[in-house]
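Novice: Would you mind keeping the following structure in view while I ask a few things?
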Amino acid sequence: MACVRSPLDWSSGLPRELLEIITKKLPSGHDAASFRSVCSPWRAALPFARFAPLLMLPFDPTPTSPSPQEEKTVSFYSLVEEKTVSLPLPELHGKVVVGASRGWLALVDEAAAVSLLNPFTGSRVALPPADQRVAAASSRSVEMVGVGNDGGGRWVLRCSSGDVSPVTLDKMREVFFSEIVLSTTPGGDGCAAMAVLADSSEVAFCRVGDTAWTLIETNVECCVSAIVHCHGSFLAIGCLGEVSIINIAGDNDATPSPARPVSSLPEPAQMCHRSYLEVNGELHLVGVAIRAFHGEWPFGHHAVVYKCDLAAGETPVWSMVTDAGDMAMFMSKNFNSGFGGASVSKIKSNCIYLSEPTYGSDHSPELVDISTGMSEKIACPTMEGSEALCWIRPNLWT
């Protein structure tokens, strides 16, 4: 009787080392999902832990290290793996982080040169540097001095007394870019960036490949505090909660449309420490509601979430969210915009992950249950007395 051979299971027979090499060459998240759907050994070679948000820990931005042999690394804390991982990122030294968007970091150096870095692939993209127009849009008196024939020069702050002081790395966010947000990953077509400027009602806009920033007046009452990208537009949000829509759809060379303020959108009362993000096409507000009775101290507070569909009619409204389904939200105290995503292993759904508590001197991350507003600390390595920089969601392909 002839022997019938079963079909060769080539997928599960590939060595783990070869599978891991293949995962590093996948060009997109769609390909990664297809890869993981083949079989359990392939899923094991590309675990969800590689996609879960990481908490970026403080680092010394000074360009020199104590020892030439010391590798310059930056640490990230993984919620899924419950451990700190370090990556060699010499590109971050001599720069400060002014945004974490689409898995990329926005960086600025003391010359106000701006760049984007994917810390997980090493990819880099240049954006236009800040110039005198960007400096003038800030409420601070800033100017470039010492410019020679070969360029150079340095930025200084000029006080009303006439004294000047250099704009050092630790002052860059206070003077130029408070936060930079991207419309999409820089590896694709049409990537645009919009920057919150220090103490300004204007924002700065550019596309990858531009040579200069374009200033746009948002018409908010005070100054812009946050930017969110939603439905092909940037939303500029003022410190009093006003929202202006800046449409960037169209040709890559097209100038954005003038800002269109959203009328009749009052924010919920008694809110502070507001942060914003886009989830499923809707603008979400994460804030802290204060509970204080008859001079009570310490006062009570709890996190709350609201959402608003700006495309729903002429008079959009905020509505409270008590059930976000399988979504988790990640908010960074250093920046006023966050991100959301479906929960994965060890990431709890219907929760907010704060980079650190809203109040107090403890720098441990905090987990907030959206349905109850109750919070708990997340066990995490000591952060050397300094607040974490931001959450970042790894982008392994661009």
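Novice: Can you tell which of 348, 25, 171 shows the greatest fluctuation in a Gaussian network model of the chain with Cα springs below 10 Å?
Specialist: Highest fluctuation of the listed residues: 25.
Novice: Can I ask one more? Given (1) 44, 33, 20; (2) 34, 28, 20; (3) 36, 28, 23, which label gives semi-axes √(5λ) of the Cα gyration tensor in Å as computed from the coordinates?
Specialist: Entry (3).
Novice: Give me, ordered by chain and number, the residues 5 or more places off residue 339 or on other chains with an amide H under 5 Å from its own placed amide H.
Specialist: 330
Novice: Can I ask one more? Holding the Cα-Cα limit at 18 Å, pick out from 72/377; 25/95; 333/377; 348/377; 83/377; 25/348 the pairs that are longer than that.
Specialist: 72/377; 25/95; 25/348
Novice: What FRET efficiency, computed as 1/(1 + (r/R0)^6) with R0 = 45 Å and r the Cβ-Cβ distance, is obtained for residue 314 and residue 111, rounded to the nearest 0.05?
Specialist: Efficiency, rounded to the nearest 0.05: 0.45.
Novice: Which of 277, 79, 26 ends up with the largest GNM mean-square fluctuation for the chain, with Cα atoms connected below 10 Å?
Specialist: 26
Novice: Quote the FRET efficiency, to the nearest 0.05, computed for residue 81 versus residue 31 with a Förster distance R0 of 35 Å and r equal to the Cβ-Cβ distance.
Specialist: Once the sixth-power term is evaluated, E becomes 0.90.
Novice: Next up: Once ligands and nucleic acids are excluded and a 1.4 Å probe is used, how much of residue 231 is accessible, expressed in Å² to the nearest 10?
Specialist: For residue 231, the solvent-accessible surface is approximately 130 Å².
Novice: Tell me, what is the percent relative contact order of the chain, built from C-alpha pairs under 8 Å that lie six or more residues apart?
Specialist: Result for the chain is 13 percent.
Novice: A further question follows. Between the alpha-carbon centers of segment 201-237 and segment 260-290, tell me the distance in whole angstrom.
Specialist: Using only Cα atoms, the two centres lie 17 Å from each other.
Novice: Additional query: Step through the residues of segment 131-138 one at a time and calculate ³J(HN,Hα) from phi using the Karplus curve (6.51 cos²θ - 1.76 cosθ + 1.60, θ = phi - 60°), rounding each to whole Hz and writing x for Gly and Pro.
Specialist: Running phi through 6.51 cos²θ - 1.76 cosθ + 1.60 with θ = phi - 60° gives 10, 5, 5, 5, 4, 5, 6, 7 Hz.
Novice: Quick one: net charge around residue 110, please, counting Lys, Arg +1 and Asp, Glu -1 for every other residue with C-beta under 12 Å from its C-beta.
Specialist: Combined, the nearby Lys, Arg, Asp and Glu give +1.
Novice: Ignoring everything except DSSP H segments at least 4 long, calculate the 222 nm mean residue ellipticity for the chain; use -39,500 (n - 2.57) per segment, divide by total residues, nearest 500.
Specialist: -2000 deg cm²/dmol
The values are calculated or read from the model by the stated rules, or taken from the named source; none is laboratory data. Bear in mind that the values here come from a model prediction, so they are computed numbers and not experimental data. Don't worry about glycine lacking a Cβ; one is built from the backbone with ideal geometry, like all the others, and counts go over all protein chains shown. With ligands, DNA and RNA removed, areas are computed over all heavy atoms of the protein, side chains included. Shrake-Rupley method; radii C 1.70, N 1.55, O 1.52, S 1.80 Å.
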